[in-house]
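Below you'll find the structure I mean.
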Amino acid sequence: MAFELPPLPYAYDALEPTIDKETMTLHHDKHHAAYTAKLNEAVSEDPSLEGKTIEELMQQMASAPAKLRNNGGGYWNHDFFWKTMVPNGGAPSGAMAEAIDKAFGSLDALKEKFNTAGANQFGSGWAWLIVNGSGELEISSTPNQDNPLMDVAATKGTPILGNDVWEHAYYITYRNDRPGYLKAWWNVVNWDVVSERYAAAKG
Ligand code: MN3
């Protein structure tokens, strides 16, 4: 059974002015669609992969061809990314807010550390907030379309929030100002979803 491109959970212009309609249209309909199509190609080229979930595939990237790693990561990362955002995202509360304060001191300190990780990721990649193996919140970044679920990740864990720092995610509005994009992006973080992921990851 082939992987399918999930629909955007809101309109293409819903995240304006933080993320413009043209960026969202190209990012979903062209980039995410291409990762989906090429993931299906990669799976069809290796019969042993048929029927595996995308999460199962993340666990065997060390021995996977680049096509499966790049497009499998791209498929999972973008589905996660769309769901991480919402118009007027608000702020964390309850157990999520308490955990952030405990781990980083404050929400502002978390944002600063996360934005630094995203700005310092050379070339294309992602910045992440994860729940690590000790149940603690931790910030990391990954190159290309890798993610913290992958067996090849330097820092492994369960992502609860992630930002795409590929130029295709911000260049139309922000040009080369990746730090400006990272700073503005917090306006559209869906803290309800992030909090649900945190609760699930903590178990
Ligand atoms: Mn992208």
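Each value in this text was obtained by applying a stated rule to the coordinates, not by laboratory testing. Here the structure is a predicted model, which means the values were calculated and not measured. Methodologically, a virtual Cβ is constructed for each residue, glycine included, from the backbone with ideal geometry; neighbour enumeration extends over all protein chains shown.
Specify which of the listed residues (63, 48) is part of a helix (DSSP H, G or I), exposed (fewer than 13 other Cβ atoms within 10 Å of the Cβ) and small (Gly, Ala, Ser). Outline the logic, then answer.
Numbers: 63 fails: part of a helix (DSSP H, G or I).
Only one candidate passes the filter, namely 48.
I want to confirm something. Restricting to the stretch 141-165 and keeping residues that are free of Cβ contacts under 8 Å to residues at least 40 places away in the same chain and under 23 Å from residue 86 (Cα atoms), which single residue is nearest to the ligand (Cβ to nearest atom)?
141
Hey, another quick one. Select from the stretch 126-156 the residues that are hydroxyl-bearing (Ser, Thr, Tyr) and under 14 Å from the mean Cα position of the chain (by Cα) and list them in ascending order.
140, 141, 142
Starting from residues that are under 19 Å from residue 168 (Cα atoms) and among the small types (Gly, Ala, Ser), keep the ones in the stretch 5-45 and report whichever is surrounded by the most Cβ atoms within 10 Å (Cβ to Cβ).
14
Also, quick follow-up: Name the residue, out of 189, 131, 194, that is over 27 Å from residue 16 (Cα atoms), β-branched (Val, Ile, Thr) and away from the ligand (no atom under 16 Å from the Cβ).
Step by step, each of 189, 131, 194 is checked, and only 131 is over 27 Å from residue 16 (Cα atoms), β-branched (Val, Ile, Thr) and away from the ligand (no atom under 16 Å from the Cβ).
Only residues that are assigned to a helix (DSSP H, G or I) and more than 16 Å from residue 30 (Cβ to Cβ): list them for the stretch 68-87, please.
68, 69, 72, 73, 76, 80, 83, 84
Per-residue answers, yes or no, for (1) out of contact with any Ser or Thr (no Cβ under 7 Å at 6 or more places or on another chain); (2) surrounded by 23 or more Cβ atoms within 10 Å (Cβ to Cβ); (3) in a strand (DSSP E or B):
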| position | (1), (2), (3) |
| --- | --- |
| 123 | yes, no, no |
| 126 | no, yes, yes |
| 129 | yes, yes, yes |
| 133 | yes, no, no |
| 140 | no, no, yes |
| 148 | no, yes, no |
